[in-house]
Structure formats: C-alpha cells, structure tokens
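Peer 1: Before anything else, here's the structure in question.
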Amino acid sequence: MSNNPTVLEIDTSAIKHNLQYFKSKIQECTKLMVVIKAFAYGSDAIAIAKILEQQNVDYLAVANTEEGIDLRKANIKLPILILHPQIENFESLIHYNLEPNLYNFRSLEQFITLAHKTNLKNYPIHIKINSGMNRLGFKENDLEKLVSILQNLENLKVVSYYSHLAASEDENEKEFTNNQINLFNKVTHYLDKYLKYKPLKHIANTSGILNFANSEFDMVRLGIGFYGFGNDILETTKLKNVCNLKTKISQIQLLEKGETAGYNRKFIGKENTKIGIIPLGYADGLNRNLGSSIGSVYIKNQKIPITGTICMDMTTIDLSGVNCEEGDEVIIFNHQDHILDLAKKTTTISYEILTSISQRVRRKII
Ligand SMILES: *Cc1c(COP(=O)(O)O)cnc(C)c1O
C-alpha cells in the first residue's frame with residue numbers, strides 16, 4: 001500500500017448524493033445506466049462499480065472490452081454495455097459476459113457468426129442508431145436490411161436500441177437535439193413492429209436528463225453528472241464534487257532576488273521569494289500549460305499560483321507571503337470550481353481534466 005502524499009480521493013458520499021439527485025430527475029420506472037468508462041472518468045472504475053452494485057443501478061457502461069473485462073475480473077456482476085467494442089475482442093467479450101453495442105453491418109454480422117459457432121442462447125446485444133451524431137450507428141436507410149437480420153436472430157436477443165445526443169448541453173441546438181430525439185422515436189417505432197419483444201430504448205446522457213424530458217425513454221445513461229458536473233453552473237451547484245486531488249509540500253526554497261528556479265530558469269525570484277515544491281507533475285495529469293502562473297493550487301483556502309515550468313514529477317508553487325511549512329497539505333482541486341478553472345485555463349472541459357489524472361496517482365476511497 002502506497003503512502004505517497006499525492007492522492008486522488010474519491011468521495012463516496014458525493015457519489016451517493018449525485019446519484020440520488022439524478023434519480024429524482026427521472027421517473028421511478030426509468031432504468032439507470034451509469035457510464036464508468038476511462039477508469040470512471042479518471043476516478044476508479046472498480047471501486048465505483050462496487051458502490052453502484054449497492055445502489056440499485058440497472059446497468060454499467062464502458063467504452064472498451066478491456067475495461068469491461070477488468071470489471072468482471074473484480075467480480076462485478078451488473079450487466080455491462082460495451083459502447084465501442086472491436087471485432088477482434090468479440091470472443092473475450094462473450095467469455096466475460098459483456099454486452100456489445102453493434103453499430104454497423106460488419107460488427108453485427110461478425111457477432112452473429114460467432115454466436116452461431118459458439119451456440120449462444122439469447123445472448124444480449126445492443127443496437128446503436130445514428131440519429132445525427134454521425135459517430136457510430138445505423139442510419140435510417142439501413143433499417144430495411146437491419147430488420148431482415150434482427151427478425152432472424154437465433155442466438156441473440158436485442159436488449160436495447162440506443163442513440164447518442166450530439167449537443168444536449170447546448171441551448172442553441174435545441175432544435176437539432178429535438179430532431180435527434182424525434183428521429184430515434186420514429187426509427188425505434190418502426191423496429192418495434194418487427195420483433196416479437198420490445199427492447200429498451202435510450203438516448204439521454206447527463207445533459208439529456210437535465211435539459212430534455214422527452215429524451216428519457218426507458219433508460220438514461222448518466223456520465224459526467226454522476227461525477228459532479230451539470231450542464232451549467234446552477235445544476236453543478238446542486239451536485240457534489242467527487243474527485244479531490246491533493247498532495248503535500250516536499251520542500252520550501254527561499255530565493256534571493258535574481259535567483260531562478262526550475263528548467264530553463266523560467267521562474268525568476270523577486271525580493272524574498274518563497275517557493276514550494278510539490279510531488280506531482282505533467283506525468284500525473286497536471287497539464288504543462290498551467291505553469292508560469294496560469295494555474296493555481298490551494299493551501300488553507302488560499303489561492304496559490306503555479307510558477308515556472310511544470311516538470312514530469314514535480315511542480316513549483318509561489319509561497320511568497322503564505323504562512324505554511326514543509327509537509328502542509330496542498331489542494332489541486334476539491335471543488336468543481338477548481339476543476340472548471342483548470343479546464344478554462346487549458347481550453348478544455350471538466351471531462352478532460354478528470355480523465356487526465358494518470359494511473360500513477362494513488363486512488364483512495366473515502
Ligand atoms: C460517455 C457517454 C455517455 C455519458 O455522457 P455524459 O455527457 O458524460 O453524461 C453516454 N452515452 C454514450 C454513448 C457515451 O459515450
């Protein structure tokens with residue numbers, strides 16, 4: 001067990017709060033899928049999945065087959081949708097009882113062949129409809145051929161039809177989103193005429209849940225909201241921050257005027273400069289562009305600029321005038337505002353800040 005002071009704490013009570021919040025936003029009969037791809041948005045997929053198994057969640061989703069296998073190896077029993085499986089992995093996907101998204105004729109036909117060969121019975125599959133995102137999925141003009149295949153499935157069972165919204169967080173794209181929802185409705189109505197049973201339908205991500213009541217269908221796929229981010233500041237304040245990145249000051253250096261610090265001497269000391277060295281760098285996921293006073297960290301609620309060049313394994317902070325000692329706690333982020341600030345300063349989104357925290361950083365469930 002590592003005791004490295006650099007740690008990403010995962011707040012169980014925040015998780016439960018956020019889950020409850022989103023449950024209150026949907027009808028009781030609507031199923032809930034939680035998306036835990038990319039190590040559960042940079043946190044800890046196995047730990048999160050174990051919590052979710054106790055929380056009455058219906059489904060989990062990850063992007064790759066490998067991510068699903070990791071969950072099964074950790075004894076996670078919930079059904080797991082693989083959002084973007086590769087044909088090369090279909091055999092192991094079946095071996096670990098994972099449920100593929102089949103999104104084109106190539107993947108569907110390959111899976112049918114394998115299912116036949118290995119004599120599967122009622123194996124769950126999900127069919128993706130392209131309603132305008134133009135990433136994965138069958139288009140409207142594929143439907144006739146799709147139906148002819150789905151009608152004759154022997155070894156497989158369609159658990160769900162689903163699609164993905166391209167701009168559900170964007171107020172200016174309301175019409176586009178409603179068109180996506182309407183098209184999905186139309187396509188699935190058509191498909192429903194041909195199967196003897198009714199697969200689930202789902203299209204809503206976090207912003208779909210928050211902005212489009214008509215996107216609810218039979219299930220919703222909750223991602224970023226679960227980790228504490230709504231589609232605007234107001235919604236975000238109703239959620240709790242899940243991931244807290246912390247460390248401690250390794251060393252304090254007192255510089256005389258004109259002395260410099262770090263690679264390429266990027267930091268130049270003024271009168272009586274005090275700097276601190278903290279044990280995390282760009283290899284831990286702290287974007288190198290946050291150096292030279294662009295980004296900040298926090299000590300005892302005081303905002304402290306990151307100075308000089310961020311190194312691979314350590315970062316320098318400007319402690320001039322700050323009352324602190326070696327060994328004191330430094331917060332990189334423990335509030336959504338901190339994460340949004342880092343995102344803004346590196347021209348990205350909260351999703352990327354969270355998923356960039358590298359696997360070297362110890363995770364701790366609290
Ligand atoms: C990542 C993902 C989600 C979750 O999206 P959020 O915006 O994080 O809620 C839902 N569905 C699919 C297909 C995804 O890839």
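Peer 1: Relative to the longest principal axis of the C-alpha atoms of the chain, give the angle of the C-alpha long axis of helix 336-345, reported between 0 and 90° and rounded to the nearest 10°.
Peer 2: 80 degrees
Peer 1: Something else about it: Stokes-Einstein diffusion coefficient for the chain at 25 °C in a medium of 0.890 mPa s, Rh from the Kirkwood formula over Cα pairs: what value in µm²/s?
Peer 2: Diffusion coefficient, whole number: 109 µm²/s.
Peer 1: Next question. When DSSP assigns beta bridges and you keep just the ones with both residues in the chain, what percent turn out antiparallel, to the nearest 5?
Peer 2: 45 percent
Peer 1: Along the charge dipole of the chain, pointing to its positive end and built from +1/-1 on Cβ of Lys, Arg, Asp and Glu, which listed residue (S296, I317, L93) has its Cα farthest out?
Peer 2: Most positive-ward Cα: L93.
Peer 1: Quick one: pull the percent of accessible area on region 12-229 belonging to carbon and sulfur, 1.4 Å probe, ligands and nucleic acids left out.
Peer 2: 45 percent
Peer 1: Would you work out the Kirkwood radius for region 143-191? I mean one over the mean of 1/r across all pairs of different Cα atoms, in Å.
Peer 2: Values: mean 1/r = 0.0790 Å⁻¹.
This gives a value of 12.7 Å.
Peer 1: Need one number: nm distance between label points at K198 and E326, each 7 Å from Cα along Cα→Cβ, rounded to one decimal.
Peer 2: Roughly 6.8 nm, to one decimal.
Peer 1: Now for a separate question. Stretched out fully, how many nm does the piece from E271 to R362 gain, at 0.36 nm a residue minus the Cα gap?
Peer 2: The span from E271 to R362 would gain 29.1 nm if fully extended.
Peer 1: Leaving out ligands and nucleic acids, note down the accessible area per residue over region 243-365 with a 1.4 angstrom probe, in whole Å². Mind showing how you got there, number by number?
Peer 2: Values: 6430 Å² over 123 residues.
Each residue of region 243-365 exposes 52 Å² on average to a 1.4 Å probe.
Peer 1: Still on this model: Regarding region 243-365, what whole-number volume in Å³ per residue does the convex hull of its Cα atoms give?
Peer 2: With only Cα atoms used, region 243-365 gives 96 Å³ per residue.
Peer 1: Right, next: Amide H to amide H, which residues 5 or more places from L200 or on other chains are under 5 Å from it, using H placed in the peptide plane?
Peer 2: Close amide H contacts, sequence-distant or interchain: S160, Y161.
Peer 1: Quick check: pseudo-label points 7 Å beyond the Cα along Cα→Cβ at T113 and F176, how many nm apart are they?
Peer 2: Modelled inter-label distance: 3.7 nm.
Peer 1: Still on this structure, please answer the following. Provide the FRET efficiency to the nearest 0.05 for the E144-A167 pair, computing r from the beta carbons and using R0 = 35 Å.
Peer 2: After rounding to 0.05, the efficiency reads 0.75.
Peer 1: Can you compute the modelled spin-label distance between L78 and S24, with each label point 7 Å from Cα toward Cβ, in nm?
Peer 2: 2.1 nm
Peer 1: Also, quick follow-up: Taking Cα pairs under 8 Å and at least six residues apart, what relative contact order does region 102-153 come out at, in percent? Write down the numbers at each step before the final one.
Peer 2: On the way: 32 pairs, mean separation 19.5, N = 52.
The normalised contact order for region 102-153 reaches 38 percent.
Peer 1: Separate question: Can you tell me the orientation of helix 12-25 relative to the chain, as the angle in degrees between its alpha-carbon axis and the longest Cα principal axis, to the nearest 10?
Peer 2: Approximately 40 degrees, to the nearest ten.
Peer 1: With just the Cα atoms defining each centre, how far is region 315-366 from region 147-170? Give it in Å.
Peer 2: Taking the Cα centre of region 147-170 as reference, the centre of region 315-366 is 40 Å away.
Peer 1: Using the eigenvalues of the Cα gyration tensor, what equivalent ellipsoid semi-axes result for region 12-229 when each is taken as the square root of five times the eigenvalue, whole Å, largest first?
Peer 2: On the way: eigenvalues 136, 106, 40 Å².
Equivalent-ellipsoid dimensions as semi-axes: 26, 23, 14 Å.
Peer 1: How large is ³J(HN,Hα), in whole Hz, for each residue of region 151-164 in order, when computed from phi with the Karplus curve 6.51 cos²θ - 1.76 cosθ + 1.60 and θ = phi - 60°, using x for Gly and Pro?
Peer 2: Couplings: 5, 10, 5, 9, 9, 10, 10, 6, 7, 8, 9, 8, 8, 10 Hz.
Peer 1: What is the percent carbon and sulfur in the accessible area of region 243-365, measuring with a 1.4 Å probe over the protein chains and ignoring ligands?
Peer 2: Carbon and sulfur: 46 percent of the exposed surface of region 243-365.
Peer 1: In region 243-365, if the dipole is taken from +1 on Lys/Arg beta carbons and -1 on Asp/Glu beta carbons about the Cα centre, which of S356, N244, T260 is farthest to the positive end?
Peer 2: Of the listed residues, the answer is S356.
Peer 1: If you don't mind, there's one more thing I want to ask. Mind checking the dipole of the chain: about its Cα centre, +1 per Lys or Arg Cβ, -1 per Asp or Glu Cβ, Debye to the nearest 20?
Peer 2: It comes to approximately 520 debye.
Peer 1: Would you mind counting up the charge near S160? Only other residues with Cβ under 13 Å from its Cβ, with Lys and Arg at +1 and Asp and Glu at -1.
Peer 2: Overall, the nearby charge balance is +2.
Peer 1: Whole-Hz Karplus ³J(HN,Hα) for region 274-286, in order, using 6.51 cos²θ - 1.76 cosθ + 1.60 and θ = phi - 60°, x for Gly and Pro?
Peer 2: Once rounded to whole Hz, the list reads 10, 10, x, 10, 10, x, 8, x, 5, 6, 8, x, 8.
Peer 1: Roughly how far apart, in whole Å, are the Cα centres of region 229-308 and region 57-125?
Peer 2: What the calculation gives is 42 Å, centre to centre.
Peer 1: Set the Förster radius R0 to 51 Å, insert the Cβ-Cβ distance between K238 and E259 as r into 1/(1 + (r/R0)^6), and round the FRET efficiency to 0.05.
Peer 2: E between K238 and E259, to the nearest 0.05, is 0.60.
The values are calculated or read from the model by the stated rules, or taken from the named source; none is laboratory data. On a predicted model such as this, the values are computed, not experimentally measured, just so you know. Neighbour counts are summed over all protein chains in view; Cβ atoms, including those assigned to glycine, are modelled from backbone coordinates with ideal geometry. Surface accessibility is based on the protein's heavy atoms, side chains included, excluding ligands, DNA and RNA. Shrake-Rupley method; radii C 1.70, N 1.55, O 1.52, S 1.80 Å.
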